[in-house]
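Working notes, beginning with the structure itself.
The values are calculated or read from the model by the stated rules, or taken from the named source; none is laboratory data. Predicted model, so just to flag it, every value in this text is computed and none were measured. Backbone-built Cβ (ideal geometry, glycine too); neighbour counts: all protein chains shown.
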Amino acid sequence: MTRTLLLVLHISAVAGWLGANFVQLVLSPRFAKGLTESAAAWTRQTIWLGQRYYGPVGAVVGVTGVLLVFDGDWSWSSGFVWVGVVAFVIGATLGVAVFGPLAERRATALESGAGAGAGPARIQSRIIGFALVDTAVITVALAAMVHKWQA
């Protein structure tokens, strides 16, 4: 029962992380083409996601992942476990070092009257590029978990 609950929480948190990434990848370009005020508001909401959503979701992914290793048949020597750890570290690093600072710069530029010109557009392009990397890393980790690489 405990293992099932941990696995459900782990999978749900990964789905929350991946789902939020997909929503942002789909909606961000649409907001970028709209009114400057809308683009700035959307960017502020993505900042909120980084500050209030991804942290708790990541914590659930991390804690349940560790507990699943301790509770079950898997070990730290399993390849798929380390793929998950690397994905977790990459996601956290990108969130803190890339997404947060870039989104703040973009929001500030939009709110200062720069409009959706070259500066904010370049920043948005960088954010999308890194978001694609983050999403790809999570997807590879998901494949590793499903197929239990080097279990």
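Only a single item in (1) modelled with pLDDT under 95; (2) of a type in the set (A, V, I, L, M); (3) surrounded by 15 or more Cβ atoms within 10 Å (Cβ to Cβ) is not met by L49, and it is number (1). Residues of the range 126-151 that are small (G, A, S), free of Cβ contacts under 8 Å to residues at least 24 places away in the same chain and more than 23 Å from R52 (Cα to Cα): A143 alone. Within the range 78-91, being loosely packed, with under 15 Cβ neighbours inside 10 Å, touching a residue at least 12 places away in the same chain (Cβ under 8 Å) and over 10 Å from A141 (Cβ atoms) holds for one residue alone: G79. Within the range 7-38, being modelled with pLDDT under 95 and aliphatic (A, V, I, L, M) holds for L7, A32, L35.
Exactly one residue out of R44, R52, R30, R3 is over 11 Å from the mean Cα position of the chain (by Cα) and within 30 Å of G72 (Cα to Cα), and it is R3.
With respect to (1) among the aromatic types (F, W, Y); (2) in a loop (DSSP other than H, G, I, E, B); (3) modelled with pLDDT of 95 or more, the lone exception for W76 is condition (3).
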